[in-house]
């Protein structure tokens, strides 16, 4: 199957499946994913058509989180069918470009500051992007919140036990990491409590007090820190087990940066971060 046909089939399959989903506004449900995909799908022909017309393309400018949040907010109140039609129209333009031109010769950046790639490369990436979101939506229908909460609890308790088992001579070497972990958990729970009062909020709340909180925690005795670590576990796990994850977005630390993700995704990423720390000690 040629590239244009693969892209068209992928979008067609996504639209068929998403039409079976409820038409409701969530943090990152079917409508929001559809709006997100439609926005990026239109970005490719917008830039490629500008290049072919002899104009300079104008790629989106901003961080992915900010761009995606703007797109989701713009979709609120828009019927599902309208979003599907926009997605299909953008895909039709994309497929036409792939069919009528050499996609390997049309080069542009996905967004301002990113590497230039060919239209063919962008098409391959968008096929995978769309398929991954479809898989994510399917997982939403079959998620097991109590199992997710238990997996998170297991990772956090294992980390707590590892920290408690450190000899006193190693406490100072690990105090910074322990303080950061506690501060992150405090920030996550604070965000969750805030979101319960105002769901769907997607403003940038990366906890600017985080660094000062970490510095404050580092001044506390080791026993007090480990006690706070244990106390931070249950509120986080309880939220994962009982709240609708598609109504809550959290700023979660992934690597060295913060990203806006749904509560269920946050639970997996927090557990993965803790598991990585534990693995580095073994």
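Between residue 219 and residue 117, the C-beta separation translates, for a Förster distance of 41 Å, into a calculated FRET efficiency of about 0.25.
Assuming a ≥ b ≥ c are the square roots of the Cα gyration tensor eigenvalues, decide whether the stretch 85-203 counts as rounded (a/c under 1.5), prolate (otherwise, with a/b larger than b/c) or oblate. Prolate, because a/c is 1.5 or more and a/b exceeds b/c. Highest average first, the peptides 113-120, 165-172, 40-47 ordered by how many other beta carbon atoms sit within 10 Å of their residues are 40-47, 113-120, 165-172. The alpha carbon centroids of the stretch 127-200 and the stretch 242-275 are separated by 7 Å.
Judged by the gyration tensor of its Cα atoms, with axes a ≥ b ≥ c, the stretch 1-157 is prolate; a/c meets the 1.5 cut and a/b is the larger of a/b and b/c. Treating the angle as unsigned and between 0 and 90°, give the value, to the nearest 10°, between the Cα long axis of helix 263-281 and the longest Cα principal axis of the chain. So the inclination is approximately 60 degrees. Among rounded, prolate and oblate, which fits the chain when a ≥ b ≥ c are the square roots of the eigenvalues of its C-alpha gyration tensor, a/c under 1.5 means rounded, and a/b larger than b/c means prolate? Judged from the Cα gyration tensor, the chain comes out prolate (a/c at least 1.5, a/b above b/c).
What ranking do 260-267, 127-134, 177-184 get when scored by the average of other Cβ atoms within 10 Å per residue, highest first?
Working: 260-267: 23.4, 127-134: 15.4, 177-184: 21.0.
Top of the packing list down: 260-267, 177-184, 127-134.
Compute the acute angle (0 to 90°) between the alpha-carbon long axis of helix 64-75 and the principal axis of greatest extent of the alpha-carbon atoms of the chain; round to the nearest 10°. The two axes meet at around 70 degrees.
Centre-to-centre separation between the Cα atoms of the stretch 1-67 and those of the stretch 90-109: 14 Å. Counting only alpha carbon atoms, the long axis of helix 222-242 and the longest principal axis of the chain meet at about 40°.
None of the figures in this text is laboratory data; all of them are computed from the coordinates on show. These numbers come from a predicted model, not from an experiment. Ideal geometry is used to build each Cβ from the backbone, glycine not excepted, and the neighbour counts take in all protein chains shown.
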